[in-house]
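Participant: Sharing a structure with you now.
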Amino acid sequence: MGVASAHTPTISVERLTRFDHNDLADLSDAADAAIDAGGGFGWVKPPPRHVFESYWKGVLLVPERHLFVGRLDGSIAAAAQLVRPTRNNEAQAFSAQLMHHFVAPWARGHGLAKLVTLAVEQAARDNAISMINLDIRETQIAAIQLYEGLGYTRWGVHPHYAKVDGRMIRGFYYHKFLDPEAEAALSKAALTNPGDTP
């Protein structure tokens, strides 16, 4: 009698610049499942499929948005967006937002959330971004633990951040310096040149 071997899933992360094969359907399915499970993303209930597909197609058209996906055995199961300031926002060009990060419930426990976050951070570094900002609902405990474990600093709390099922939920705001030298320089500048008093 043979011994059954456990399947070791294949995990990968990439920046998505076009949809191949089942990518659009997989991405919509994964986001749909994450929203149903209480994930962030802004939507409280999944939108109709045609709205979701239009949204994803639009993401790929916006120059300031970089879409990263995590694959489990080839199928998209996770995603996040790195959103850079528009070109006219020179004052915040050093920073970017990590947004719409999710993992489908059926793909959790394989490290995709962390791998996608690290890919976003590396892309930010490659684009001379020295700080990442993000905000999140207080109910997303696993994501909060992930970000804090990766060195994100909570700097603020919004008491009325989101309304879900008639209940107000707080939001937490985080930032992370990607370059210790940049952090030291910016901190020093803030202390020595706090700006004009309004």
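Participant: Can you name the residue in region 161-185 that is farther than 28 Å from Phe94 by Cα and open to solvent by 80 Å² or more (accessible area, probe 1.4 Å) and is also modelled with the lowest pLDDT among such residues? Step through it out loud before you land on a result.
Facilitator: Kept after step one, since they are farther than 28 Å from Phe94 by Cα, are these residues of region 161-185: 163-169.
Within this subset, residues satisfying the condition of being open to solvent by 80 Å² or more (accessible area, probe 1.4 Å) are 163, 165, 167-168.
Values: Lys163: 90, Asp165: 86, Arg167: 92, Met168: 95.
Only one residue tops the list, namely Asp165.
Participant: Give me a count of the residues in region 29-58 that are farther than 25 Å from Ile169 by Cβ and either open to solvent by less than 50 Å² (accessible area, probe 1.4 Å) or outside any helix (DSSP H, G or I) (or both).
Facilitator: 2
Participant: Out of all the residues in region 4-57, which are among the basic types (Lys, Arg) and under 18 Å from the mean Cα position of the chain (by Cα)?
Facilitator: Residues satisfying the conditions are Arg15, Lys57.
Participant: Taking the condition of being at pLDDT below 95, surrounded by 16 or more Cβ atoms within 10 Å (Cβ to Cβ) and part of a helix (DSSP H, G or I), how many residues in region 114-143 meet it?
Facilitator: Count: 1.
Participant: Can you name the condition, by its number, that Gln97 falls short on among (1) under 14 Å from the mean Cα position of the chain (by Cα); (2) open to solvent by 30 Å² or more (accessible area, probe 1.4 Å); (3) modelled with pLDDT under 95?
Facilitator: Single failed check for Gln97: (3).
Participant: In addition: Tell me, please, whether a residue that is on the phi < 0 side of the Ramachandran plot, modelled with pLDDT of 95 or more and open to solvent by 10 Å² or more (accessible area, probe 1.4 Å) can be found in region 76-83.
Facilitator: Looking through region 76-83, at least one residue is on the phi < 0 side of the Ramachandran plot, modelled with pLDDT of 95 or more and open to solvent by 10 Å² or more (accessible area, probe 1.4 Å).
The values are calculated or read from the model by the stated rules, or taken from the named source; none is laboratory data. Everything quoted here is computed from the prediction, not taken from an experiment. For neighbour counting, all protein chains shown are included, and Cβ atoms are generated from backbone atoms with ideal geometry for every residue, glycine included. Ligands, DNA and RNA are stripped out before the accessible areas are found, and what is left, the full protein with its side chains, is counted by its heavy atoms. Shrake-Rupley method; radii C 1.70, N 1.55, O 1.52, S 1.80 Å.
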